[in-house]
Amino acid sequence: MDITINILLTIATAATPLLIAAIGELVVERSGVLNLGVEGMMIMGAVGGFGASYLTGSPWIGLLAAIAMGAVFSLLFAVMTLSLATNQVATGLSLTLLGLGLSGMMGTSFVGQPGERLPNLDIPGLTSIPVVGRLLFGQDPIFYISIALTAAVMWFLFKTRTGLTLRSIGDSHTSAHALGIQVIRYRYLAVIFGGACAGLAGGHLSLVYTPQWVENMTAGRGWIALALVVFASWRPWRVLAGAYIFGAVWIGQLHAQAFGIPVPSQFLSSLPYLATVVVLVLISRNKRLTMMNTPASLGQPFVPDR
Amino acid sequence: MKKLLIALMTTTAAVSLAASAEAADKLKACWVYTGPIGDFGYSYQHDQGRLEVEKALGDKVETAYLENVSEGPDADRAFERLAREGCKIIFGTSFGFMDPEVKVAKKFPKVMFEHATGYKTGDNLGIYNARFYEGRYVLGQIAAKESKAGVAGYIVSFPIPEVVMGINSFMLGAQSINPNFKAKIVWVNSWFDPGKEADAAKALFDQGADIVVQHTDSTAALQVAEERKLHGFGQSSDMIKFAPNAQLTSLTDEWGPYYISRVQAALDGTWKPDNVWLGIKDGAVKLAPFTNMPDDVKAMAEATEKKIAGGWNPFTGPVAKQDGTPWLKDGEVADDGTLLGMNFYVKGVDDKLPQ
């Protein structure tokens with residue numbers, strides 16, 4: 001029983017940063033902007049979070065710094081693509097490159113310094129309930145944020161007027177503009193929200209997952225988050241499912257190896273990617289619905305003509 | 001994506017090299033790393049060696065490096081760029097740089113090349129390596145003494161001879177103490193992914209291992225051991241700060257003295273391609289202070305370390321292969337060639353070697 005709970009907890013830890021970064025990017029893409037800089041914003045969040053926690057001694061301040069760092073860094077992308085109408089793909093890629101390099105430079109003095117882990121939730125009486133106690137009431141705070149965030153984004157996008165406006169901008173920015181909606185302002189806010197989420201995801205890595213700073217510690221998780229958004233056809237609950245399927249297979253294959261299952265490890269290592277793609281393609285196989293969910297003006301620069 | 005990265009990095013390196021091209025009488029020594037120098041592991045240790053060269057040889061040399069260069073064909077460009085920009089001696093520090101380095105070395109016969117952990121040489125390409133397996137034998141003995149479960153978790157990167165050799169040596173050390181000792185092996189197929197290394201450590205502990213050994217580069221696995229109040233070994237650098245109660249010792253690399261001697265030889269004009277394999281006795285492989293263990297285990301570890309420094313090889317027979325067929329006869333010592341191309345397990349390893 002104990003091992004099952006441990007496995008579930010490990011899965012949640014592995015899935016959380018993917019989920020947060022992907023949810024943020026989902027909102028950005030729903031507004032019609034393609035930001036390929038997730039990896040860069042994430043690593044900036046990781047270094048900012050670790051740095052603030054290291055310097056102040058409080059991982060909670062680190063958490064806030066990670067969010068702020070991601071948001072500020074994404075502002076660079078917003079100014080370039082939204083105000084200066086640069087190519088989003090190229091700008092996003094350079095944001096990733098810049099983030100990887102800049103974070104390495106900023107983090108030089110943090111290398112080799114152990115960090116403090118953000119404490120797990122501990123509610124007297126509840127956390128100690130057998131079996132469900134640790135799962136429901138004993139995880140790290142960012143796990144709860146990630147679940148709340150997913151629910152909030154679902155509600156925002158599909159149940160509020162502002163959410164509807166945001167989606168309409170993603171579908172046709174010219175029509176939205178003609179209706180008097182401030183396209184650029186909405187997109188700015190969406191991009192900054194996405195940056196804050198990516199920063200938080202990075203903070204999860206350097207404050208919870210592996211409390212330390214090392215260069216490149218995101219190790220491609222930003223790209224996985226990006227892929228999740230597309231394969232989940234821009235639906236928040238599917239992003240949640242995708243992140244957890246990925247996490248489950250990711251942890252499962254490590255257990256399979258430790259258990260001694262005679263399957264080539266290279267195949268097992270690729271399994272999380274395969275499984276996630278297959279499952280998400282299956283649940284998104286309704287072509288009409290997928291078309292409907294795809295933001296039609298995704299990646300196109302918008303320059304208001306007057 | 002990776003290509004873009006390389007292109008960008010080689011360009012920045014070119015700029016920094018060009019800026020200092022006026023000091024023509026200086027010897028330019030260059031390094032290529034596969035990881036970031038901030039990994040606090042393998043690449044970090046190589047870079048410490050580079051810094052020692054700068055310190056020891058002062059203004060007679062200038063150094064440059066490229067980090068995060070991915071293994072394989074992409075590395076061609078990194079080496080070629082360094083050679084074109086006037087590096088006189090170039091160290092490639094990862095196994096996967098072998099073929100790119102062989103190729104580029106042929107194109108630049110006047111540049112001196114050195115490659116770590118590989119086996120291909122050339123007229124201007126020498127190889128060097130450290131006998132990490134010597135240290136791993138000691139780790140195996142400590143693990144067998146300290147593990148209550150009799151099971152270690154072993155996190156490994158890629159099935160190359162270097163890694164296989166390490167697993168075998170570790171197992172021989174462990175079996176010399178406890179013949180029934182088991183190691184659970186997890187391949188993470190990456191040299192550097194802290195998150196995945198931590199996940200692997202958690203999986204191994206959940207399945208009953210109580211000591212973790214790694215042949216990957218980050219401190220993540222040890223941090224998990226610390227959290228679970230279990231034990232583990234560090235890798236490449238002393239990681240005691242990350243796991244003050246969990247680290248038993250750490251298998252560290254000291255490249256500085258070797259790099260200084262080679263760059264000095266290049267300065268003197270006496271450099272020749274060589275094939276050196278340095279071990280505990282040369283000070284290239286070091287074990288961090290033995291901690292968190294009783295005195296008798298510590299004494300045993302120190303005795304073994306001394307024995308190896310005295311010239312004893314952990315791969316001394318009788319040793320059988322995994323399937324039970326004899327490999328080394330009683331007293332027979334494995335030759336370096338076999339070790340460097342090792343692609344089989346010794347008896348008692350509970351894993352199927354990925355081919």
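Distance between the 7 Å Cα→Cβ label points at A:T160 and B:K120: 5.9 nm.
Pick out, from A:V47, A:S83, A:G62, the residue whose Cα sits farthest towards the positive end of the charge dipole of chain A, with +1 on the Cβ of Lys and Arg and -1 on the Cβ of Asp and Glu. With unit charges placed on the Cβ atoms, the residue in question is A:S83.
For chain A, the longest principal axis of the C-alpha atoms and the axis of helix A:265-283 are separated by about 50°. Sequence-distant contacts, meaning Cα pairs under 8 Å at least 6 residues apart, place the relative contact order of segment B:205-355 at 13 percent.
Axis angle, to the nearest 10 degrees, between helix A:59-78 and the longest C-alpha principal axis of chain A: 30 degrees. Each of A:P124, A:S265, A:L280 was scored by the projection of its Cα onto the charge dipole of segment A:2-293, and the greatest displacement toward the positive side belongs to A:L280; charges sit on the C-beta of Lys, Arg, Asp and Glu. A Cβ-based charge dipole, computed about the Cα centre of segment B:130-198 with Lys and Arg at +1 and Asp and Glu at -1, lands at about 220 debye. Each label point was placed 7 Å from the Cα along the Cα-to-Cβ direction; for A:A296 and A:A152 their separation is 3.1 nm. By the count of neighbouring beta-carbon atoms within 10 Å, fewest first, A:M106, B:M239 end up ordered A:M106, B:M239. Scanning residues 5 or more positions from B:K28 or on other chains, those with amide H under 5 Å from its amide H are B:E62, B:K88, B:I89, with H placed 1.01 Å from N in the peptide plane.
In plain terms, the residue of A:I261, B:I142, A:I169, B:I177 with the fewest other Cβ atoms within 10 Å comes first and the most crowded comes last, giving A:I261, B:I177, B:I142, A:I169. Prolate is the label for chain A. Its Cα gyration tensor axes, ordered a ≥ b ≥ c, give a/c of at least 1.5 and a/b above b/c. Annotation note: trypsin sites (Lys or Arg not before Pro) in segment B:179-232 located in DSSP loop regions with a Cβ neighbour count of at most 16 within 10 Å are B:K229. Only Cα pairs under 8 Å and 6+ residues apart enter the sum, and on that basis the relative contact order of chain A stands at 35 percent. Our note on the geometry: Cα centres of segment B:244-271 and segment A:23-100, 38 Å apart.
Mind jotting down the distance between the C-alpha centroids of segment A:148-196 and segment B:319-339, whole Å? A separation of 67 Å, based on Cα centres. Converting phi to 3J(HN,Hα) with the Karplus coefficients 6.51, -1.76 and 1.60 and the offset θ = phi - 60°, segment A:249-258 yields 5, 4, 6, x, 5, 5, 5, 4, 5, 4 Hz in sequence order, with x at every glycine or proline. In plain terms, the chain from B:D335 to B:D350 could stretch by 2.9 nm, reckoned as 0.36 nm per residue minus the Cα-Cα distance. Only helical runs count toward this figure. For the protein assembly as shown, summing -39,500 (n - 2.57) over DSSP H runs of n ≥ 4 and dividing by all residues gives -17500 deg cm²/dmol at 222 nm. Each residue of segment B:34-47 is assigned a 3J(HN,Hα), and the resulting list reads 8, x, x, 5, x, 7, 6, x, 4, 5, 4, 5, 4, 5 Hz, derived from the Karplus form 6.51 cos²θ - 1.76 cosθ + 1.60 (θ = phi - 60°), x at Gly and Pro.
Cβ crowding within 10 Å ranks B:S261, A:S103 as B:S261, A:S103, fewest other Cβ atoms first. Distance between the 7 Å Cα→Cβ label points at A:T4 and A:D305: 6.3 nm. Tilt of helix B:161-177 relative to the longest C-alpha principal axis of chain B, in degrees (0 to 90, nearest 10)? Roughly 30 degrees, rounded to the nearest 10. Across peptide A:269-275, the mean count of Cβ atoms from other chains lying within 10 Å of each residue's own Cβ comes to 1. Contact order, relative form, for segment A:60-162: 15 percent (alpha carbon pairs under 8 Å, 6 or more residues apart, mean separation divided by residue count). Only Lys, Arg, Asp and Glu carry charge here, each on its Cβ (+1 for the first two, -1 for the last two); on that basis chain A has a dipole of about 940 debye about its Cα centre. Quick check: the distance between the Cα centres of segment B:25-84 and segment A:239-306, to the nearest angstrom? Comparing the Cα centres of segment B:25-84 and segment A:239-306, I get a distance of 37 Å. Exceedance of the 27 Å cut-off in Cα-Cα distance is limited, within the set B:K145/B:K347; B:K60/B:K110; B:K281/B:K329; B:K107/B:K196; B:K196/B:K298; B:K148/B:K202, to B:K107/B:K196; B:K196/B:K298.
Computed from the coordinates by the stated procedures, all read-outs in this text should not be read as laboratory data. Every value quoted in this text rests on a predicted model; they were computed, and no experiment measured them. FYI the Cβ positions are ideal-geometry reconstructions off the backbone, even for glycines, and counts take in every protein chain you see.
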